[in-house]
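Input: a single structure, listed below in structure tokens.
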């Protein structure tokens, strides 16, 4: 075999080995990463869009007792949110609300209205405006 063929084969094999090693490491990290449990209940489809249902539930617990006040400022019920997220991703809905200044203050947190509604649903299992 010529020396020229070895020089071209060696970098290719090295690159292939490095690619396989990186892919294996990525799969390994994904397998050992803790998985967040998915929410269950009547609004789980919306709550799971947050990516962290447990954190949404903790935020929603801060909202309990303020449903009537928040509902007056929030037009997003579960039905409307479901229609919105069919058309556009949840992150886009939140970004649009932030751009439209459709924000609410909750214990020092400034949050888009849809996120407030979803967090309330996570904590109580009820629609924000249906509970008011």
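Here, each number is a calculation from the coordinates, and none is a lab measurement. Just so it is clear, the model here is predicted, and its values are computed rather than measured. Because the Cβ atoms are built from the backbone with ideal geometry, glycine has one as well, and the counts that use them run over all protein chains shown.
Under the simplified labelling scheme, the residue 107-residue 8 pair shows an inter-label distance of 6.6 nm, with each label point 7 Å from Cα along Cα→Cβ. Spacing of the modelled spin labels on residue 55 and residue 21, each 7 Å from Cα toward Cβ, amounts to 3.3 nm. Counting Cα-Cα pairs of the stretch 46-88 in 5 Å increments starting at 0 gives whole-percent bin shares of 5, 18, 21, 27, 22, 5, 0. Using the beta-carbon distance between residue 130 and residue 62 and R0 = 25 Å, what value does 1/(1 + (r/R0)^6) give for FRET efficiency, to the nearest 0.05? Calculated transfer efficiency: 0.85. Going by neighbour counts of Cβ atoms within 10 Å, the residues 84, 45, 100, 127 line up, fewest first, as 100, 45, 84, 127.
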